[in-house]
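Pasting a structure below so you can have a look.
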């Protein structure tokens, strides 16, 4: 969809609303209405992710659009462009040829389309009345967890529980009824093969697996269009790699248990949270519909084969490093990945490959302007890597094709959510974090300290005190100092505290202007923005003048924002690193920043003023390993600090300018790239070990067990 630009309809054109599930925009066309309707009907249908892709676009953008389409649909068996004067029949013949050449494949756990029809044809709208659980092995499928959770949390909700047990013995049925206790009259047990009629009225299909070998029931559940609450861990994560297609239940891997061997332990609190979230969905569940489309796209048998991995260059011995990130969006994740890639290229010690995750907010021309040297390294299929570093959000749940898998994690709320476990806490070989603050959050969650690598971000070379000040700001502020806020206009960034501090400094008699550079307003946490608070602030008599900069800026333009301002205030509540503070200090600005969090590593030296804070618990949706928390900055002190800095601004500015070169020297992308090279070298060493010499896994004999186990952890009220 990136290739469809936003466009205002001209006279005689029709307005077409577009969405890719993450953002919405409007384009225009002069095609006949009948053709437009036909295209829109076709676009509403879901097809296999490996289906051939045909691109229609103006000749002048053939090359870019063709390549970008391939990056957006990396599994497509073939990506073709319709070049004039090709006819429809010629294009169809070429398509058939590509399909014959590609062949077919059967993804693991996929089912034939004929077997899925009954599930896919269930109406999306439903009258949710019942939680549904299917089990062939009560221990492996977590039947006891479902019964306990329902009895303790949902028995008074007016909902029922339906257990579908295709091969249950009479003794097991008695045990289940006994376990349900006083809620037994709300539990229906059906001894039959799992079928579409069992989920017509499903609130959700609940599948807290402890062990996973046969994906048939999970694929059927996803195809039903009902929300699915499922334990996600190494055995099934590759099936569930998609944005918001399930309510993922977190937990931990049990390597060895005296009674049950090795298994996954779903956390009861996570199960409660996900069942509650599923119960709050509308009758036509968005999660369920995404899950159904996921089955069509990724879990249907006899689909066209995906492209093969690239052939390695002859004689190439350098470590293969894959950086996976949402490169084509305006976000810190995109920027830090681009900067890391540039540093790796400049060092020249690795074979770099870039995997761009969707949705895309920019096109190739944007990256060509931002970092043209990276274009040749974008790939649909990077092949086997020595180091695969994923920086996407939500975090990658399934292991990619690599020798060493690392997740870059930047978490701001202290305690991790269960949806990130066990991927972050156990499954990935390594976790890369930007600060000691995130490091402590991960060790508190149970991640071994030895497998966490602290790699602070670097600062771009353009972020320096010599950067030419932005003329727009210089004209706006005149002879008055400018106080800068740079970041998302959200509660976590402390934007409300910033405005209160500005009012306090104004009341203390200081004359200044305010510059607000918003970041990420159209994605991620920008949806919970405080833009309306700024609107009211500007409408209030006596407040300082405000200049709002909301457009995306180049790195050079952003540097000019810093140098045009005189002081930066960032009274954040939660940060994983705090890049704007590093950039501001590298450009020679005095800074006023919350004390006690991730930004502490950036606050050495003069002209760095710390706002005292208190640690406060915070309520967030979902389930967490412990209580999430933030830092609440002292509003009164932040106002006093701003007043003090403005009163002593000439001295503060001189000190900050003298420190700027030291900040740039202390935080470099070259140092970050060097750390990643060391991790990639470990992958090469794994590659060089002969298979016969590798440590073989110990195969344990099966452990006898009863049909039903006790719950592993108590379900607290």
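Take segment 580-675, compute every pairwise Cα distance, and split them into 5 Å bins from 0; I just need the percent in each bin.
2, 12, 18, 18, 16, 12, 10, 7, 3, 1
Rounded to the nearest 0.05, what FRET efficiency do residue 507 and residue 627 have when you use their Cβ-Cβ distance and R0 = 30 Å?
According to the calculation, E is roughly 0.25.
A further question follows. Going by a ≥ b ≥ c, the root eigenvalues of the Cα gyration tensor, does segment 46-102 fall in the rounded group (a/c under 1.5), the prolate group (a/b larger than b/c) or the oblate group?
Oblate shape, in that a/c is at least 1.5 and b/c is the bigger or equal ratio.
Now for a different question. What are the extents of the Cα atoms of segment 1-133 along their three principal axes, in Å, largest first?
54, 40, 26
Using semi-axes √(5λ) of the Cα gyration tensor in Å as the read-out, say which of (1) 53, 28, 25; (2) 45, 33, 28; (3) 64, 32, 23 was calculated from these coordinates.
For semi-axes √(5λ) of the Cα gyration tensor in Å, the calculated option is (2).
If I take the Cα coordinates of segment 471-667 and project them onto the principal axes, what are the three extents in Å, biggest first?
50, 41, 35
Gain in length, residue 256 to residue 280, computed as 0.36 nm per residue apart minus the alpha-carbon separation, to one decimal in nm?
Residue separation times 0.36 nm, minus the Cα-Cα distance, leaves 5.0 nm.
Could I have the simple spin-label model distance between residue 444 and residue 14, label points 7 Å from Cα toward Cβ, reported in nm to one decimal?
Going from the residue 444 label point to the residue 14 one covers 5.6 nm.
log₁₀ I(q)/I(0) of segment 73-158 at q = 0.13, 0.19, 0.21 Å⁻¹, via Debye over equal Cα point scatterers, no solvent, to two decimals?
Values returned for q = 0.13, 0.19, 0.21 Å⁻¹ are -0.78, -1.09, -1.15.
Hey, what's the Kirkwood Rh for segment 324-427 if you take every pair of different alpha carbons, in angstrom?
Radius from the Kirkwood sum: 14.7 Å.
Ok, one more. For a protection proxy built on the mean count of beta-carbon atoms within 10 angstrom, sort 37-44, 624-631 highest first, please.
With the highest mean Cβ count within 10 Å placed first, the list reads 624-631, 37-44.
Still on this model: Per 0.36 nm of contour for each residue apart, how much would the distance between residue 532 and residue 214 grow if the chain were fully extended, relative to their Cα-Cα spacing?
109.4 nm
Pairs of Cα atoms under 8 Å, at least six residues apart: use those to get the relative contact order of segment 549-652, whole percent.
Here the relative contact order equals 24 percent.
Taking 7 Å along the Cα-to-C-beta vector as the label spot, tell me the residue 480-residue 38 distance in nanometres, rounded to one decimal.
Result: 6.1 nm between the two label points.
Could you work out the per residue convex hull volume over the alpha carbons of segment 208-307, in cubic angstrom?
Output value, Cα hull per residue: 111 Å³.
Next question, about the same structure. Distance in nm between label sites at residue 614 and residue 644, each 7 Å beyond Cα in the beta-carbon direction?
2.0
What is the packing order of peptides 71-78, 370-377, 569-576, taking the mean over residues of other C-beta atoms within 10 Å and listing the highest first?
Put in order of decreasing packing, that is 569-576, 71-78, 370-377.
At R0 = 35 Å, how high is the FRET efficiency between residue 636 and residue 556 if r is their beta carbon distance? Nearest 0.05 is fine.
Once rounded, the FRET efficiency stands at 0.40.
Mind pulling the angle between the C-alpha long axis of helix 33-43 and the longest principal axis of the chain? Nearest 10 degrees, somewhere in 0 to 90.
For 33-43 against the chain, the angle is about 70 degrees.
Give me the percent relative contact order of the chain, please, defined on Cα pairs under 8 angstrom at least 6 residues apart.
Dividing the mean separation by the residue count of the chain yields 12 percent.
Report, to the nearest 10°, how far helix 555-564 tilts away from the longest principal axis of the Cα atoms in the chain, using its own Cα long axis and a range of 0 to 90°.
That works out to roughly 40 degrees.
Based only on other Cβ atoms within 10 Å, what is the fewest-to-most ordering of 452, 327?
Fewest-to-most ranking of 452, 327: 452, 327.
Given the peptides 343-356, 134-147, arrange them by the average over their residues of other C-beta atoms within 10 Å, most packed first.
Per-residue mean Cβ counts within 10 Å order the peptides as 134-147, 343-356.
Would you compute, from DSSP H runs of 4+ residues alone, the mean residue ellipticity of the chain at 222 nm, taking -39500 (n - 2.57) per run and dividing by the full residue count, rounded to the nearest 500?
-9500 deg cm²/dmol
Given a Förster distance of 41 angstrom, what is the FRET efficiency for residue 56 paired with residue 369, based on the Cβ-Cβ distance and rounded to 0.05?
The calculated FRET efficiency here is 0.95.
Another question, then. Normalised by the residues of segment 43-150, what does the relative contact order come to in percent, with Cα pairs under 8 Å and at least six apart?
20
How large is the Kirkwood hydrodynamic radius of segment 114-183, in angstrom, based on all distinct alpha carbon pairs?
Final number for the Kirkwood radius of segment 114-183 is 13.7 Å.
Give the angle, between 0 and 90 degrees and rounded to the nearest 10, that separates the Cα long axis of helix 268-279 from the longest principal axis of the Cα atoms of the chain.
It works out to around 90 degrees.
Same structure again: Test of understanding: what is the full-extension gain from residue 30 to residue 685, defined as 0.36 nm times their sequence separation minus their Cα-Cα distance?
Answer, rounded to one decimal: 230.0 nm.
Read-outs: derived from the displayed coordinates by stated rules, not from any lab. Keep in mind that this is a model prediction, so the values were computed, not measured. Cβ: placed from backbone, ideal geometry, glycine included. Neighbour counts: every protein chain shown.
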